[in-house]
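The values are calculated or read from the model by the stated rules, or taken from the named source; none is laboratory data. Remember, it's a predicted structure, so these values are computed and weren't measured experimentally. Backbone-built Cβ (ideal geometry, glycine too); neighbour counts: all protein chains shown. Each accessible area value is taken on the protein alone, full model and side chains, heavy atoms only, with ligands, DNA and RNA left out. Shrake-Rupley method; radii C 1.70, N 1.55, O 1.52, S 1.80 Å.
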Amino acid sequence: MQMTETKIRINLKAVRTRAGLSLSQAAELTGVSKAMLGQIERGESSPTLATLWKLAKGFHLPLTAFIEDLVQTTGIFTPARPDPVRFQGSIGFHTIFPFDPVFGSETFLMTLDPGQTHVSNPHDAGVVEDVFVTRGEIEVLLDGNWKVFRCGDGIRFPADQPHGYRNMTDDPAQFHNTMHYPRTALFEEISDGS
Ligand code: MN
(Lines give C-alpha, C1' and ligand atoms only; values in the text may rest on other atoms or scores of the structure.)
Protein backbone atom coordinates (compact mmCIF):
# COMPACT_ATOMS: atom_id res chain seq x y z
CA MET A 1 0.00 0.00 0.00
CA GLN A 2 2.80 2.35 0.97
CA MET A 3 4.54 1.73 -2.34
CA THR A 4 1.31 2.31 -4.22
CA GLU A 5 0.69 5.57 -2.38
CA THR A 6 4.18 6.77 -3.24
CA LYS A 7 3.61 5.92 -6.91
CA ILE A 8 0.25 7.71 -6.91
CA ARG A 9 1.81 10.81 -5.34
CA ILE A 10 4.64 10.93 -7.90
CA ASN A 11 2.46 10.03 -10.88
CA LEU A 12 -0.27 12.56 -10.07
CA LYS A 13 2.22 15.39 -9.78
CA ALA A 14 3.94 14.32 -13.01
CA VAL A 15 0.66 14.08 -14.93
CA ARG A 16 -0.59 17.42 -13.62
CA THR A 17 2.69 19.16 -14.35
CA ARG A 18 2.90 17.67 -17.83
CA ALA A 19 -0.61 18.95 -18.51
CA GLY A 20 0.53 22.39 -17.29
CA LEU A 21 -2.26 22.63 -14.74
CA SER A 22 -2.41 24.27 -11.32
CA LEU A 23 -4.06 22.39 -8.46
CA SER A 24 -7.20 24.49 -8.97
CA GLN A 25 -7.33 23.72 -12.68
CA ALA A 26 -6.75 20.02 -12.00
CA ALA A 27 -9.58 20.10 -9.46
CA GLU A 28 -11.90 21.59 -12.05
CA LEU A 29 -10.85 18.99 -14.63
CA THR A 30 -11.23 15.93 -12.40
CA GLY A 31 -13.91 16.85 -9.87
CA VAL A 32 -11.48 16.01 -7.06
CA SER A 33 -11.12 18.95 -4.68
CA LYS A 34 -8.02 21.13 -4.73
CA ALA A 35 -7.42 20.31 -1.05
CA MET A 36 -7.60 16.57 -1.73
CA LEU A 37 -5.27 16.83 -4.73
CA GLY A 38 -2.74 18.71 -2.63
CA GLN A 39 -3.00 16.14 0.16
CA ILE A 40 -2.47 13.27 -2.27
CA GLU A 41 0.54 14.96 -3.87
CA ARG A 42 2.09 15.63 -0.46
CA GLY A 43 1.43 12.06 0.68
CA GLU A 44 -0.94 13.23 3.41
CA SER A 45 -3.98 11.37 2.14
CA SER A 46 -4.50 8.04 0.40
CA PRO A 47 -7.14 8.27 -2.31
CA THR A 48 -10.08 5.91 -2.67
CA LEU A 49 -10.45 3.83 -5.80
CA ALA A 50 -13.35 6.10 -6.82
CA THR A 51 -11.07 9.15 -6.52
CA LEU A 52 -8.41 7.45 -8.63
CA TRP A 53 -10.96 6.73 -11.35
CA LYS A 54 -12.02 10.41 -11.27
CA LEU A 55 -8.39 11.39 -11.85
CA ALA A 56 -8.05 8.90 -14.70
CA LYS A 57 -11.21 10.11 -16.39
CA GLY A 58 -10.41 13.79 -15.88
CA PHE A 59 -6.96 13.49 -17.45
CA HIS A 60 -8.20 10.95 -20.08
CA LEU A 61 -5.65 8.42 -18.90
CA PRO A 62 -5.73 4.76 -17.90
CA LEU A 63 -5.75 3.97 -14.19
CA THR A 64 -2.25 2.54 -14.59
CA ALA A 65 -0.95 6.06 -15.23
CA PHE A 66 -1.56 6.78 -11.53
CA ILE A 67 -0.87 3.51 -9.75
CA GLU A 68 1.84 1.74 -11.77
CA ASP A 69 4.64 2.24 -14.21
CA LEU A 70 3.55 2.06 -17.83
CA VAL A 71 4.81 -1.00 -19.68
CA GLN A 72 5.27 -1.51 -23.38
CA THR A 73 5.09 -5.18 -24.22
CA THR A 74 7.40 -6.23 -27.00
CA GLY A 75 7.56 -9.93 -26.18
CA ILE A 76 6.69 -12.25 -23.35
CA PHE A 77 5.70 -10.27 -20.29
CA THR A 78 5.19 -11.84 -16.88
CA PRO A 79 4.03 -9.24 -14.41
CA ALA A 80 4.99 -9.39 -10.76
CA ARG A 81 2.26 -10.60 -8.46
CA PRO A 82 1.98 -8.02 -5.71
CA ASP A 83 -0.31 -8.32 -2.71
CA PRO A 84 -3.80 -7.00 -3.38
CA VAL A 85 -4.14 -3.33 -2.57
CA ARG A 86 -6.96 -2.22 -0.34
CA PHE A 87 -7.91 1.33 -1.15
CA GLN A 88 -9.94 2.96 1.60
CA GLY A 89 -13.34 1.35 1.76
CA SER A 90 -13.08 -0.22 -1.66
CA ILE A 91 -12.74 -3.63 -3.16
CA GLY A 92 -9.47 -5.56 -3.13
CA PHE A 93 -7.50 -4.85 -6.20
CA HIS A 94 -4.24 -5.48 -7.96
CA THR A 95 -2.77 -4.92 -11.37
CA ILE A 96 -2.15 -7.97 -13.54
CA PHE A 97 -1.20 -6.19 -16.77
CA PRO A 98 -0.37 -2.48 -16.53
CA PHE A 99 -1.59 -0.25 -19.33
CA ASP A 100 0.14 -0.96 -22.62
CA PRO A 101 -0.14 1.86 -25.15
CA VAL A 102 0.18 -0.56 -28.08
CA PHE A 103 -2.83 -2.58 -27.01
CA GLY A 104 -4.66 0.24 -25.26
CA SER A 105 -5.61 -1.98 -22.36
CA GLU A 106 -4.91 -2.72 -18.69
CA THR A 107 -6.04 -5.69 -16.59
CA PHE A 108 -6.78 -5.85 -12.87
CA LEU A 109 -7.73 -8.62 -10.45
CA MET A 110 -10.62 -7.55 -8.23
CA THR A 111 -11.75 -9.23 -5.03
CA LEU A 112 -15.23 -8.70 -3.62
CA ASP A 113 -15.89 -9.71 -0.02
CA PRO A 114 -19.28 -11.23 0.81
CA GLY A 115 -21.91 -8.49 0.63
CA GLN A 116 -19.55 -5.98 -0.96
CA THR A 117 -20.66 -3.62 -3.74
CA HIS A 118 -18.62 -1.34 -5.99
CA VAL A 119 -20.48 1.04 -8.28
CA SER A 120 -18.44 2.82 -10.93
CA ASN A 121 -19.09 6.13 -12.62
CA PRO A 122 -19.11 6.08 -16.43
CA HIS A 123 -15.63 6.06 -17.94
CA ASP A 124 -14.64 8.13 -20.97
CA ALA A 125 -16.61 7.69 -24.19
CA GLY A 126 -15.58 4.55 -26.02
CA VAL A 127 -14.11 2.71 -23.02
CA VAL A 128 -15.01 -0.99 -23.01
CA GLU A 129 -14.64 -3.38 -20.06
CA ASP A 130 -14.22 -7.13 -19.90
CA VAL A 131 -15.18 -8.93 -16.71
CA PHE A 132 -14.18 -12.58 -16.30
CA VAL A 133 -15.13 -14.33 -13.06
CA THR A 134 -12.31 -16.47 -11.64
CA ARG A 135 -13.79 -17.33 -8.26
CA GLY A 136 -17.28 -17.50 -6.77
CA GLU A 137 -20.19 -15.56 -8.17
CA ILE A 138 -20.70 -11.87 -8.80
CA GLU A 139 -23.43 -9.63 -10.10
CA VAL A 140 -22.75 -6.92 -12.67
CA LEU A 141 -24.91 -3.79 -12.94
CA LEU A 142 -25.72 -2.82 -16.51
CA ASP A 143 -28.60 -0.72 -17.83
CA GLY A 144 -29.92 -0.53 -14.27
CA ASN A 145 -30.14 -4.32 -13.81
CA TRP A 146 -27.93 -6.65 -11.74
CA LYS A 147 -27.11 -9.86 -13.62
CA VAL A 148 -25.42 -12.95 -12.12
CA PHE A 149 -22.09 -14.23 -13.46
CA ARG A 150 -20.44 -17.38 -12.11
CA CYS A 151 -16.86 -18.62 -12.13
CA GLY A 152 -15.85 -19.04 -15.77
CA ASP A 153 -18.43 -16.56 -17.09
CA GLY A 154 -17.36 -13.44 -18.93
CA ILE A 155 -19.00 -10.26 -20.15
CA ARG A 156 -17.79 -7.39 -22.34
CA PHE A 157 -19.74 -4.12 -22.09
CA PRO A 158 -19.55 -0.41 -22.98
CA ALA A 159 -18.27 1.22 -19.77
CA ASP A 160 -19.13 4.83 -20.67
CA GLN A 161 -22.34 4.34 -18.67
CA PRO A 162 -22.94 3.68 -14.96
CA HIS A 163 -21.98 0.12 -14.01
CA GLY A 164 -21.08 -1.87 -10.92
CA TYR A 165 -20.08 -5.16 -9.35
CA ARG A 166 -21.39 -6.82 -6.20
CA ASN A 167 -21.09 -10.06 -4.29
CA MET A 168 -24.39 -11.22 -2.79
CA THR A 169 -23.01 -14.60 -1.66
CA ASP A 170 -21.36 -15.69 1.61
CA ASP A 171 -18.01 -16.42 -0.06
CA PRO A 172 -15.33 -14.15 -1.51
CA ALA A 173 -15.48 -13.63 -5.25
CA GLN A 174 -12.80 -12.63 -7.72
CA PHE A 175 -12.79 -11.41 -11.29
CA HIS A 176 -10.42 -10.15 -13.94
CA ASN A 177 -11.29 -6.68 -15.17
CA THR A 178 -9.75 -5.53 -18.45
CA MET A 179 -10.18 -1.92 -19.55
CA HIS A 180 -9.96 -1.17 -23.29
CA TYR A 181 -9.37 2.49 -24.11
CA PRO A 182 -9.84 4.30 -27.41
CA ARG A 183 -6.76 6.20 -28.53
CA THR A 184 -6.49 9.81 -27.40
CA ALA A 185 -3.91 12.56 -27.80
CA LEU A 186 -2.47 11.80 -24.37
CA PHE A 187 -2.04 8.16 -25.35
CA GLU A 188 0.18 9.27 -28.17
CA GLU A 189 2.29 11.15 -25.65
CA ILE A 190 2.54 8.07 -23.45
CA SER A 191 3.50 5.96 -26.46
CA ASP A 192 6.31 8.41 -27.24
CA GLY A 193 7.53 8.02 -23.69
CA SER A 194 7.35 11.76 -23.11
MN1 MN B 1 -15.45 0.56 -14.47
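For Lys13, neighbours were defined as the other residues whose beta-carbon sits under 12 Å from its Cβ, and their charges (Lys and Arg +1, Asp and Glu -1) total +4. In region 2-60, one over the average inverse separation of all distinct C-alpha pairs is 11.1 Å, which is the Kirkwood hydrodynamic radius.
The C-alpha atoms of the chain occupy a region whose extents along the principal axes are 45, 39, 32 Å, arranged from largest to smallest.
Once backbone amide H atoms are built at 1.01 Å from N, Val127 has Ala159, Asp160 as its partners under 5 Å, excluding neighbours fewer than 5 places away on the same chain. Sparsely packed loop sites in region 1-61 (the GluC sites (Glu not before Pro) outside DSSP H, G, I, E and B with at most 12 other Cβ atoms within 10 Å) comprise Glu44.
Across region 11-36, the residues whose backbone nitrogen lies under 16 Å from the label position 7 Å along the beta-carbon direction of Arg42 are 13, 23-24, 33-36. Taking Cβ atoms as reference points and 13 Å as the exclusive limit, the residues near Ala26 contribute a net charge of +4, counting Lys and Arg as +1 and Asp and Glu as -1. How high is the relative contact order of the chain, in percent, with contacts defined as C-alpha pairs under 8 Å that are six or more residues apart? It rounds to 19 percent for the chain. Treating r as the C-beta distance of Lys34 and Gln161 and R0 as 30 Å, the FRET efficiency rounds to 0.55. Give the Kirkwood hydrodynamic radius (Å, one decimal) of region 85-180, defined as one over the mean of 1/r across all pairs of different Cα atoms. By the Kirkwood definition, the hydrodynamic radius is 13.4 Å. Tell me, what % of the accessible area of the chain is carbon and sulfur with a 1.4 angstrom probe? Whole-percent figure for carbon plus sulfur exposure: 53. The gain in end-to-end length when the Asp170 to Asp113 segment is fully stretched comes to 19.7 nm, 0.36 nm per residue minus the alpha carbon separation. A 1.4 Å probe run over the protein chains yields, for the chain, 50 Å² of accessible area per residue, whole-number rounding. In this structure the amide hydrogen of Cys151, modeled in the peptide plane, comes within under 5 Å of the amide hydrogens of Gly136, none closer than 5 places in sequence on its chain.
Volume of the convex hull of region 131-174 (Cα atoms only), normalised per residue: 59 Å³. Other residues whose C-beta falls under 14 angstrom from the C-beta of Asn145 contribute a net charge of 0, scoring Lys and Arg +1 and Asp and Glu -1. Derived scalar couplings between HN and Hα for region 145-154 equal 10, 8, 10, 7, 10, 9, 3, x, 7, x Hz in order, rounded to whole Hz, by the Karplus curve 6.51 cos²θ - 1.76 cosθ + 1.60 (θ = phi - 60°), x for Gly and Pro.
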